[in-house]
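The values are calculated or read from the model by the stated rules, or taken from the named source; none is laboratory data. Nothing here was measured: the structure is a model prediction, and the numbers come from that model. All Cβ positions, even for glycine, are placed from backbone atoms using ideal geometry, and neighbour counts span all protein chains on display.
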């Protein structure tokens, strides 16, 4: 059979088909239209933006702003593919500071809808009005000279019935629009944003002065009351925002908002760093929730890796990971030390003193868009090993494990049910779980020794043999060398048995059978845990748990006082390494409220 009959000849697609293909990459649903139009309004310097939609955006999407508008001459060009006022050459791609820059959004939207736009500038005596159908200009005429732009998108996907068929219900599509407006509001607290659906106002975010005020508008006190502040800065990078208190964490994953240079994004490096930052502070089954703002030198982040600009790529992902991880760890440890003295409200971390200005240029290797990439940098979480002590000092003033107890008074009051300790600590009354508090103390000490490469083994007088099934015996045998590096020496002990010969210095008597069973659970997760720190933490947490004071043991007042002092020295962390609560704390103010003493002289 002739070649001409077996395959179609190659030809260039018509412009309208090209535009619809591009629209498929950029415009997935009505929310994508709202996102692109809001970003254009923000780039135009708008301070008031109103989004008005009907039927979940499937019938009409109308966005009105008070921005600089579009001149009459430029108006048709705004709907031409790859026409933009935000780039002049490919070099601009490595330092993009605007929300939109590709020149694809408006032509993509217009190619699959019916568009009406009214716009005006301060420089022109008359405004302009234009209509388009399927990307083709129908009419252009004068309009009132009102600064700003109103763009209306109707009958979305009217000429793409297959795509329209895949849209969800009106409530579902509107929920996506609601989220887009929320994220735009969080990104720009100085901008007044409104959202209306079928004529009813749904969201109204007046301009506010700070990110925290805008978070309060969006997520209310219910979320903010469960969070602590996160702040950190290293050369070229800064992070700020709020994250959930581990004690008040829930199974829900919302919100998990990340903004890079005020652009809402998804990024595996950031999520992994947050998870690492919480570490053993967060109980299994609970999720971190947060709103974080990253400020990064524009040429250190590539926003040109996704058609809808939902993802970014960092030139130095390790630096970003390090900053977020340690900002969280610092915040998790810091507030408890200061609030106990009555100098700061619990749950609000003091800002870390920066070691260098964000204006410095840390990117040694600039991203060149003309150079081939070996692979996506942030497609999957990377393995992040422990940092040296000099790295720790570079970023933050202190880490857990200092002599803070010398400045705090501790008066032990007794023990309840041989399980809970009651003490007057600083300006608070505290009820402390003796097991979880001691577990946290032991874990912090073991963790610090591992970081300092100082985990030494202490031989047991009598080895503890444990019989294991064949599969567990093989699994444990594969990791004996790894465990020995932690001071935990285990050796084969006859057929099908292993014996614990040594444990790290500082670990007390443990029940070998129950400990090894937990250890097997830890080791079973090692191959699925890319982080060395998480692997080590799980083993050290099991060691600490099995050697900590158990419930049911009577403790003298002197022992109670010493345990509380040790817990204070380790930062008064409010969870054990497995996420269980260590203490219930009542400040003087809270006690006064409980007993109705507020306002008494």
- Candidate set: the stretch 406-419, residues that are under 15 Å from residue 556 (Cβ atoms) and touching a helix residue (DSSP H, G or I) at 6+ places or on another chain (Cβ under 9 Å); chosen: the one surrounded by the most Cβ atoms within 10 Å (Cβ to Cβ): 412
- Item | Hits in the stretch 489-519 - residues which are within 30 Å of residue 566 (Cα to Cα), touching a strand residue (DSSP E or B) at 6+ places or on another chain (Cβ under 6 Å) and not in a strand (DSSP E or B) | 505, 512, 513, 516
- Can you pull out the residues in the stretch 539-561 that are in contact with a strand residue (DSSP E or B) (Cβ under 9 Å, 6 or more places away or on another chain) and either outside the structural domain of residue 475 (by TED's automatic domain parsing) or part of a helix (DSSP H, G or I) (or both)? 540, 543, 547, 557, 558, 559, 560, 561
- Looking at the stretch 245-280, which of the residues that are within 14 Å of residue 327 (Cα to Cα) and in contact with a helix residue (DSSP H, G or I) (Cβ under 8 Å, 6 or more places away or on another chain) is surrounded by the fewest Cβ atoms within 10 Å (Cβ to Cβ)? 279
- Return yes or no: is residue 536 crowded, with 18+ Cβ neighbours inside 10 Å, in the same structural domain as residue 440 (by TED's automatic domain parsing) and assigned to a loop (DSSP other than H, G, I, E, B)? no
- Query: Any idea which residue in the stretch 148-172 is surrounded by the fewest Cβ atoms within 10 Å (Cβ to Cβ), counting only those that are touching a helix residue (DSSP H, G or I) at 6+ places or on another chain (Cβ under 8 Å) and under 14 Å from residue 52 (Cα atoms)?
  - Reply: 151
- Task: Return the total of residues in the stretch 543-592 being without any contact (Cβ under 8 Å) to a residue 24 or more places away in the chain and under 35 Å from the mean Cα position of the chain (by Cα).
- Result: 2
- Query: Going through the stretch 32-55 one residue at a time, which ones are more than 28 Å from the chain's Cα centre (by Cα) and within 15 Å of residue 172 (Cα to Cα)?
  - Reply: 53, 54, 55
- Are any of the residues in the stretch 192-201 surrounded by 14 or more Cβ atoms within 10 Å (Cβ to Cβ) and more than 21 Å from residue 30 (Cα to Cα)? yes
- Residues in the stretch 566-601 that are crowded, with 18+ Cβ neighbours inside 10 Å, touching a strand residue (DSSP E or B) at 6+ places or on another chain (Cβ under 8 Å) and assigned to a helix (DSSP H, G or I): how many? 2
- Task: Could you list, in sequence order, all residues of the stretch 444-465 that are buried (at least 18 other Cβ atoms within 10 Å of the Cβ) and within 20 Å of residue 548 (Cβ to Cβ)?
- Result: 444, 445, 446, 447, 449, 450, 455, 464
- Query: Can you find a residue in the stretch 100-122 that is more than 16 Å from residue 153 (Cα to Cα), at pLDDT 85 or above and assigned to a loop (DSSP other than H, G, I, E, B)?
  - Reply: yes
- Task: Quick one: count up the residues across the stretch 266-286 that are under 18 Å from residue 319 (Cα atoms) and touching a residue at least 40 places away in the same chain (Cβ under 8 Å).
- Result: 12
- Item | Filter result (in contact with a helix residue (DSSP H, G or I) (Cβ under 7 Å, 6 or more places away or on another chain) and within 30 Å of residue 569 (Cα to Cα)) within the stretch 441-475 | 441, 442, 443, 446, 447, 450, 455
- Query: Out of (1) touching a strand residue (DSSP E or B) at 6+ places or on another chain (Cβ under 6 Å); (2) part of a strand (DSSP E or B); (3) closer than 24 Å to residue 513 by Cα, the odd one out for residue 461 is which?
  - Reply: (1)
